[in-house]
Amino acid sequence: MIEFTWVLLLTVCYSGGDCISQKVGYYKDEPQCVRFQKEHEALPVDGNWSIIKYHCRPKDSKSA
């Protein structure tokens, strides 16, 4: 079985449509990553962003 390291990413977008992303943390499995994703989503919003999105995916994977 292949094991992946999971990464939690934060993507924020300005009202003009420009977006930036950053890595928030690395996790040993998807359930652990999703648990921390839910915790981060519960935090108060900081800044004037039009979109704030957290998502988990395997490390070094590409977005579709």
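The values are calculated or read from the model by the stated rules, or taken from the named source; none is laboratory data. What you are looking at is a predicted structure, and each value in this text was computed from that prediction instead of being measured. Backbone-built Cβ (ideal geometry, glycine too); neighbour counts: all protein chains shown. All accessible areas refer to the heavy atoms of the entire protein, side chains included, with ligands and DNA or RNA removed. Shrake-Rupley method; radii C 1.70, N 1.55, O 1.52, S 1.80 Å.
Key figures for this structure:
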read-out	value
For the chain, size of Cβ-based charge dipole, Lys and Arg +1, Asp and Glu -1, in debye	100
Shape category assigned to the chain from the gyration tensor of Cα positions, a/c cut at 1.5	oblate
Accessible area in square angstrom per residue, the chain, 1.4 angstrom probe	79
Amide proton proximity set for VAL24, modelled H, under 5 Å, gap of 5+	LEU8, LEU9, LEU10
Carbon + sulfur, % of accessible area of the chain - ligands and nucleic acids excluded, 1.4 Å	52
Cleavage-rule hits (GluC sites (Glu not before Pro)) in the chain: DSSP loop, at most 10 neighbouring Cβ within 10 angstrom	GLU3
Inter-probe distance in nm under a simple model that places probes 7 Å from Cα toward Cβ, at TYR14 and ILE2	3.8
Average Cα contact separation per residue, region 2-64, under 8 Å, 6 or more apart, as relative contact order %	46
Estimated [θ] at 222 nm from DSSP helical runs (n ≥ 4, -39500 (n - 2.57)) normalised by residues in the chain, nearest 500	-6000 deg cm²/dmol
Ordering of 27-36, 42-51 by packing [mean C-beta count within 10 Å, highest first]	27-36, 42-51
In degrees, nearest ten, helix 30-41 long axis to first principal axis of the chain (Cα)	20
Simple label model, 7 Å out from Cα along Cβ direction - GLU39 to ILE52, nm	1.7
